[in-house]
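None of the figures in this text is laboratory data; all of them are computed from the coordinates on show. Since the model is a prediction, treat every value here as computed from it, not as a measurement. No Cβ is skipped: glycine too gets one built from the backbone with ideal geometry, and neighbour counts run over all protein chains shown.
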Amino acid sequence: MERRPTTLLAELTHRCPLHCPYCSNPLDLKRSNAEISTEDWKRVFTEARALGVLQLGLSGGEPLVRRDLEQLVEHARDTGLYSTLVTSAVGLTRERTVRLKEAGLDHVQISFQDSERELAEQIAGTRSWDAKQQAAEWVKELGFAFTVNVVLHRANLDHLGAIIDKAAELGADRVELANTQYYGWAVSNREALMPTRAQVDRSEGIVDRAVAKYRGQMQIVYVLPDYYSAYPKPCQGGWGNLYIVVAPDGRAMPCHAASQITSLHFDSVRDRSLAWIWEESSAFRAFRGDEWMQEPCRSCPRKHLDFGGCRCQAFALTGDATRTDPVCTLSADRAVIDAMLDGEPAPYQYVYREMGAVAGAPLLVGKA
Amino acid sequence: MTATIAPTARPALWRLARISFDPVRKQQVLLYPEGAILLNDTGAEILALCDGKRTVADVAAALGAKYGADVTADVTEYLSQLADRELIRDAV
């Protein structure tokens, strides 16, 4: 059977008005002059559709800072893609929301940082609460599919029930609650972000009750932190199997965190067609199938369920992207994860996401 | 365990889901926020009848008449799975 991608995540820009310390973007944020052009993106969407992509995520950074966003949405609609805008909503106007609707945007995801203004704005590192509330109203009014997404971590996980209620109050059709994954800026902030075991244990019951309460009104997607699991998460349905990410500078990757695997070379859509990158590029072929696996994955009956887990995490924690994801309790490296889980919770001193910032130097210190 | 959809339910596609033809795979596909399901011919036929007016029993009867066989069990199982994922909703 032919291998066809289903999903393209277009990271249109790294520019963003928010400074969230859990951002999965790389520390080396690309400036606007490194971004690929409108015509490049349109060609990428056309090529993605021809490869079989059905779902398009327009993300970033903050995709609203791209002035050509409406043009890109219109092109996505013309190629037949189902389009989702993943936004902070900061800077959105009603006029622009109307234009995005007219251009054919299907679905809007607005990020919220907490159920209450004070903590939400501390986490975002900027005023953003009012803009989000207002944007949610326009998104509902204009009839978009509407998702509220919230990244969870130690400072807000105890508010999980209130966060879900807040999403329902905003009229969300879906709420995505994803515990922080430690990529990019989140690595710099891991000790301040990691929840306690007690918090994680409590969260599951809260989610179960909310799923029952909101069934038929709002879908609840809860992503447990993988550090607390016995087995790793399946990496995007398998490396180079379903998913393509194109970064602001045009580099195409099998996962949004893959650029941290420094042993890989990523080809750019500026130089190569998306089809070539999908079929032939060294990065997309690196961990396809199971030939690359070491033990215990190689002989494991779970290898087609979780594909050995996350390649980015294996590389980050062991220096070798072909090792078993250390989250797996069958991995020889699991002690690395357990040591993190047993560590004392660190104070809420975040390294806020900032273009050109020196990693490790706190720019603002929030308390929570 | 998937709950079984009632024969009297009047299934309709979720407001935010839509069926579209994928010219690449030459197949109907159900698209919705953050997801897609490739539909085989039977699935597409079943969903095409789910207009929020016909009951599950009506859908099964219509397809059964077309194929000259009792397809109630297959239709019920298929719709129960989609209902469990909230991709179809009871319009009543």
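Of note:
- Working note: Cα atoms of segment B:11-84, range along each principal axis, descending, whole Å: 33, 24, 18.
- Amide H partners (placed H, <5 Å) of B:Ile88, local residues excluded: B:Trp14, B:Ala83
- Fewest neighbouring Cβ atoms within 10 Å first, the residues B:Leu13, A:Leu12 line up as B:Leu13, A:Leu12.
- Ranked A:Tyr228, A:Tyr352, criterion: other C-beta atoms within 10 Å, fewest first: A:Tyr228, A:Tyr352
- Extreme residue, positive dipole direction of segment B:11-84, given options B:Val75, B:Phe21, B:Leu39 (C-beta unit charges): B:Phe21
- Residues of segment B:72-92 with amide N under 14 Å of the 7 Å Cα→Cβ point at B:Thr4: B:72-81
- Cβ charges +1 (Lys, Arg) and -1 (Asp, Glu), total dipole of the protein assembly as shown, debye: 420 debye
- Phi angles across segment A:234-247 convert, under the Karplus curve 6.51 cos²θ - 1.76 cosθ + 1.60 with θ = phi - 60°, into 3J(HN,Hα) values of x, 5, 6, x, x, 4, x, 10, 9, 10, 10, 10, 10, 7 Hz, Gly and Pro given as x.
- The share of C-alpha pairs in the protein assembly as shown whose separation exceeds 33 Å stands at 39 percent.
- Note on A:Leu224/A:Asp333: beta-carbon distance plugged into 1/(1 + (r/R0)^6) with R0 of 25 Å gives a FRET efficiency of 0.80.
- Positive-pole candidate from B:Ala57, A:Gln109, A:Gln71, dipole of the protein assembly as shown, charges at beta carbon: A:Gln71
- Long-range amide H partners of A:Gly104 with built H, under 5 Å: none
- Here the Karplus curve 6.51 cos²θ - 1.76 cosθ + 1.60, taken at θ = phi - 60°, turns the phi angles of segment A:294-307 into couplings of 9, 6, x, 5, 3, 9, 7, x, 8, 5, 9, 8, 10, 6 Hz, with x standing for Gly and Pro.
- Pairs from the list A:Lys42/B:Lys53; A:Lys42/A:Lys213; A:Lys101/B:Lys66; A:Lys30/A:Lys132 with a Cα-Cα gap above 31 Å: A:Lys42/B:Lys53; A:Lys42/A:Lys213; A:Lys101/B:Lys66.
- Within a straight-line Cα-Cα reach of under 19 Å, B:Lys26 can be paired with the following aspartates and glutamates, leaving aside sequence neighbours fewer than 8 residues apart in one chain: A:Glu2, A:Glu47, A:Asp78, B:Asp41, B:Glu45.
- Taking the charge dipole of chain A about its Cα centre, with +1 at Lys and Arg Cβ atoms and -1 at Asp and Glu Cβ atoms, the residue from A:Ala332, A:Leu142, A:Gly184 reaching farthest to the positive side is A:Leu142.
- ³J(HN,Hα) computed for each position of segment A:248-253 - Karplus, 6.51 cos²θ - 1.76 cosθ + 1.60, integer Hz, glycine/proline x: x, 8, x, 6, 9, 9
- Full-extension gain in nm, A:Glu39 to A:Gln71, via 0.36 nm per residue minus C-alpha separation: 10.5 nm
- Amide H contacts of A:Leu85: A:Leu58, A:His107, A:Val108, A:Gln109, each under 5 Å away and 5 or more positions distant or on a separate chain (H built 1.01 Å from N in the peptide plane; Pro and chain starts excluded).
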